[in-house]
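Structure record follows, encoded as structure tokens.
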Amino acid sequence: MEEIGYSRFVPTKVFFTRGVGVHKEKLNSFELALRSAGIERYNLVAVSSILPPGCMIINRVKGLSMLRPGQITFTVMSKNSSNEPGRKMAAAIGCAIPVDERVYGYLSEHSSFGQHERDAGNYAEDIAAEMLATTLGIPFDVDSNYDEKREIFKIDGRIVRTRHVAQGATCDKNGRWTTVVAAAVFLW
């Protein structure tokens with residue numbers, strides 16, 4: 001593959017966003033969640049979970065300013081919906097970034113019911129870190145808790161940092177659809 005053609009499809013920047021929407025129709029609640037996240041005006045294409053080598057994390061405001069309405073936009077997205085009154089839900093994206101900028105990192109999607117927003121975010125972060133660790137050949141016990149795994153990652157020194165974005169909500173008391181989204185949005 002030509003280097004020029006290849007580089008056109010490798011994102012150089014990413015930003016994280018989240019949102020929640022409530023409506024009597026499920027689709028409309030999703031649209032409102034995308035509006036809340038600021039990404040409703042783009043043609044979103046779901047991609048899998050690789051953070052390209054050297055991909056720079058930028059803030060949401062800067063990222064949104066770089067997009068044009070209707071633009072095809074690649075995202076790693078997590079979403080969750082319910083119309084069960086009082087049901088707690090969350091959607092999260094985890095991110096694990098290697099120390100070596102020539103090595104790719106991982107993004108992970110996680111959605112759950114009954115889980116607090118922070119717990120869902122930490123869980124997604126754990127998933128991303130575990131995927132990166134296994135790729136790098138870092139040994140650890142998959143049944144250990146996250147704090148134990150984090151210590152192994154820290155000691156090994158090949159994972160520079162982890163992070164997450166999460167959105168939690170409690171479903172509308174009147175049974176209207178409630179949707180939560182969390183997304184990593186890629187840019188060039």
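Just so it is clear, none of the values below were taken in a lab; they were calculated from the coordinates. Note that this is a predicted model, so its numbers are computed, not measured. Virtual Cβ from ideal backbone geometry, glycine too; neighbours counted across all protein chains shown.
Taking amide H as placed 1.01 Å from N in the peptide plane, the amide H of Thr73 sits under 5 Å from that of Asn43, Leu44, Val45, each at least 5 places away or on another chain. Residues whose amide H comes within less than 5 Å of that of Asn80, counting only those at least five positions distant or on another chain, are Val180 (H built at 1.01 Å from N in the peptide plane). Using the Cβ-Cβ distance between Arg161 and Glu40 with R0 set to 25 Å, the FRET efficiency from 1/(1 + (r/R0)^6) comes to roughly 0.25. With contacts taken as Cα pairs under 8 Å and at least 6 residues apart, the chain reaches a relative contact order of 33 percent. Among Pro85, Pro52, Pro98, the residue with the largest mean-square fluctuation in a Gaussian network model of the chain, with springs joining Cα atoms closer than 10 Å, is Pro85. For the residue pairs Lys62/Lys88; Lys79/Lys173; Lys13/Lys79; Lys24/Lys79, alpha carbon separations beyond 25 Å are given by Lys62/Lys88. In this structure, the amide hydrogen of Ile159, modeled 1.01 Å from its nitrogen in the peptide plane, lies closer than 5 angstrom to those of Val99, counting only residues at least 5 positions away or on a different chain. Projected label points at Lys26 and Val103, each 7 Å from Cα along the beta carbon direction, are separated by 4.1 nanometres. Residues considered: Asn59, Asn83, Asn174. Largest GNM mean-square fluctuation over the chain, using C-alpha springs under 10 Å, is found at Asn174. Using +1 at the Cβ of each Lys and Arg and -1 at the Cβ of each Asp and Glu in the chain, identify which of Thr75, Ala46, Leu64 lies farthest towards the dipole's positive end. Farthest towards the positive end: Leu64. Working ranking of peptides 39-50, 122-133 by packing, defined as the average number of other Cβ atoms within 10 Å per residue, highest first, is 122-133, 39-50. Segment Trp188..Arg118, full-extension length gain: 22.2 nm, with 0.36 nm per residue of separation and the alpha-carbon distance subtracted.
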